[in-house]
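Single-structure report; data block below.
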Amino acid sequence: MYGFIPRYAMGIVALLASVLVASCDKERDPEIESQEPAQMRVGFRIALGGTQAVRTTPAGDYDDATGVDFENYIDVAHKNYRILFFDTENRYLTSFRQQDFIPLGDDPVRSKVYEVIGRIDGRLPRDFKVVVLANWPTYPEGLTAGKTTIEDICTAAGSRYAYVPPFVCSEETPIPMYGVRLCEAVEFTPQTVTYLGTVHLLRAMAKVQVVCPAAEWTLEKVRLKRYNRTGYCAPSGVYAEGDYVKGDHASDYVEEVHVEEGAVEEASIDFRKLSDGSFEIYLPEHRNADGKVRRADAAQIVVKFEERADKEYVVDFKYYGDPPAGSQAGDPFDVRRNCYYKFKLSNKGVAEPSVSVDVYPYDQWELRPGFGVGDEEAEETTERRRIIEA
């Protein structure tokens with residue numbers, strides 16, 4: 001679908017070009033300058049990788065999505081993203097016009113960091129929303145100011161992606177992402193770059209992992225029965241960061257799954273075996289529960305062990321123990337976007353394996369535009385801003 005060209009020299013050339021353009025702008029005739037449409041310059045820091053999480057990371061072997069290639073990846077080389085602006089009533093205002101990407105990081109597939117400078121036509125109101133779409137197969141066209149809404153974009157036919165197993169994160173198949181943030185009391189100043197706040201991105205997929213640490217049991221094969229053939233790139237009804245960033249692992253989820261009717265595929269697909277003996281799979285959202293009742297078309301995990309090749313074990317998406325507040329052991333749960341499910345199988349005597357499951361938010365990405373960083377990063381950002389505006 002898309003290729004990746006990790007050429008950092010291109011970013012340096014872009015930076016030099018922006019400086020030259022800025023120098024040329026200073027030599028323009030003031031009368032000609034005043035006749036051009038009003039444009040405001042906006043800057044973002046995009047952190048493609050490890051986040052400074054707003055919550056406490058749990059102890060143990062929690063996967064923060066920085067240790068796997070392409071889980072933290074936006075196809076910047078092909079401009080596979082959109083940054084849109086909406087009013088506080090979620091109506092479209094204008095789009096971000098990207099001008100420069102200045103690479104700061106040195107890892108092309110795990111932890112890339114960019115300074116992004118761009119323009120918006122005209123002036124925005126003091127209060128507005130920033131919506132970020134990334135890695136979508138197609139993007140909405142024909143947006144109408146004052147009419148097109150965030151919900152229109154999230155539910156449009158083009159906002160869906162096809163899920164073709166076996167899915168592996170790669171430069172050709174990145175995970176679609178979505179994020180939104182309310183910006184308040186923003187003052188735009190002509191001839192300067194206005195930096196905005198932090199936008200957290202939600203992945204459109206979940207990650208499911210099955211492990212068996214017990215020495216007496218060895219996983220031979222893991223497969224999934226039933227999955228959705230399509231997924232939505234963005235969740236419906238999520239118009240504010242507070243709808244999915246709540247500050248702790250127990251509640252940092254989108255509350256409702258967003259799935260297409262009739263998308264369930266009854267066939268089975270295999271998990272991918274990793275070098276450590278565990279198995280994993282990336283999945284679109286899947287509705288497994290109606291309240292506390294398991295649906296007939298719920299997804300199931302089927303496990304086979306080397307020690308019991310004649311038998312398969314079914315693992316449901318349900319709480320096996322230590323359920324969260326409001327749930328009980330045995331309650332089914334949905335497969336939700338941006339969540340990381342880790343099923344642990346262990347031996348119980350010598351006959352049957354026991355199961356436990358940990359559910360974590362799949363650590364949000366952070367698009368960090370400028371401020372709120374540490375002292376060293378702030379100095380670096382200030383210096384970079386000085387160069388760009390020179």
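The values are calculated or read from the model by the stated rules, or taken from the named source; none is laboratory data. These figures come from a predicted structure and were not determined experimentally. All Cβ positions, even for glycine, are placed from backbone atoms using ideal geometry, and neighbour counts span all protein chains on display. For the accessible areas, the whole protein counts, side chains as well, though only heavy atoms, and no ligand, DNA or RNA atoms are used. Shrake-Rupley method; radii C 1.70, N 1.55, O 1.52, S 1.80 Å.
If you scan the range 294-331, which residues turn out to be of a type in the set (Val, Ile, Thr) and surrounded by 11 or more Cβ atoms within 10 Å (Cβ to Cβ)? Listed by number, the residues that qualify are 301, 302, 303, 315. Of all residues in the range 265-287, those satisfying the criterion of being in a strand (DSSP E or B) and open to solvent by less than 40 Å² (accessible area, probe 1.4 Å) are 269, 279, 280, 281, 282, 283, 286. Just one residue in the set 123, 91 is at pLDDT below 90 and either open to solvent by less than 50 Å² (accessible area, probe 1.4 Å) or not acidic (Asp, Glu) (or both); that residue is 123. Screening 50, 105, 146 for residues that are modelled with pLDDT under 85, under 28 Å from residue 191 (Cα atoms) and part of a loop (DSSP other than H, G, I, E, B) leaves exactly one candidate, 105. Taking the range 224-242 as the range and being surrounded by fewer than 18 Cβ atoms within 10 Å (Cβ to Cβ) and not in a loop (DSSP other than H, G, I, E, B) as the test, the residues that pass are 225, 230, 242.
Summed over the range 262-295, the residues that are aliphatic (A, V, I, L, M) and farther than 19 Å from residue 230 by Cα give a count of 2.
Of the residues 68, 113, the single one that is part of a loop (DSSP other than H, G, I, E, B), open to solvent by less than 50 Å² (accessible area, probe 1.4 Å) and either out of contact with any Ser or Thr (no Cβ under 6 Å at 6 or more places or on another chain) or at pLDDT 85 or above (or both) is 68. The residues in the range 168-223 that are open to solvent by 50 Å² or more (accessible area, probe 1.4 Å), over 30 Å from residue 260 (Cα atoms) and part of a strand (DSSP E or B) can be counted, and the count is 1.
This table checks each residue for (1) hydroxyl-bearing (Ser, Thr, Tyr); (2) in contact with a Lys or Arg (Cβ under 9 Å, 6 or more places away or on another chain).
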| residue | (1), (2) |
| --- | --- |
| 159 | yes, no |
| 163 | yes, yes |
| 172 | no, no |
| 175 | no, yes |
| 180 | no, yes |
| 186 | no, yes |
| 197 | no, yes |
| 204 | no, yes |
| 218 | yes, no |
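Going by what's in this entry, would residue 259 be described as part of a loop (DSSP other than H, G, I, E, B), touching a strand residue (DSSP E or B) at 6+ places or on another chain (Cβ under 8 Å), without any contact (Cβ under 8 Å) to a residue 60 or more places away in the chain and farther than 17 Å from residue 340 by Cα? Spelling it out, residue 259 is indeed part of a loop (DSSP other than H, G, I, E, B), touching a strand residue (DSSP E or B) at 6+ places or on another chain (Cβ under 8 Å), without any contact (Cβ under 8 Å) to a residue 60 or more places away in the chain and farther than 17 Å from residue 340 by Cα. On inspection, residue 296 passes the criterion of being without any contact (Cβ under 8 Å) to a residue 40 or more places away in the chain and among the hydrophobic types (A, V, I, L, M, F, W, C).
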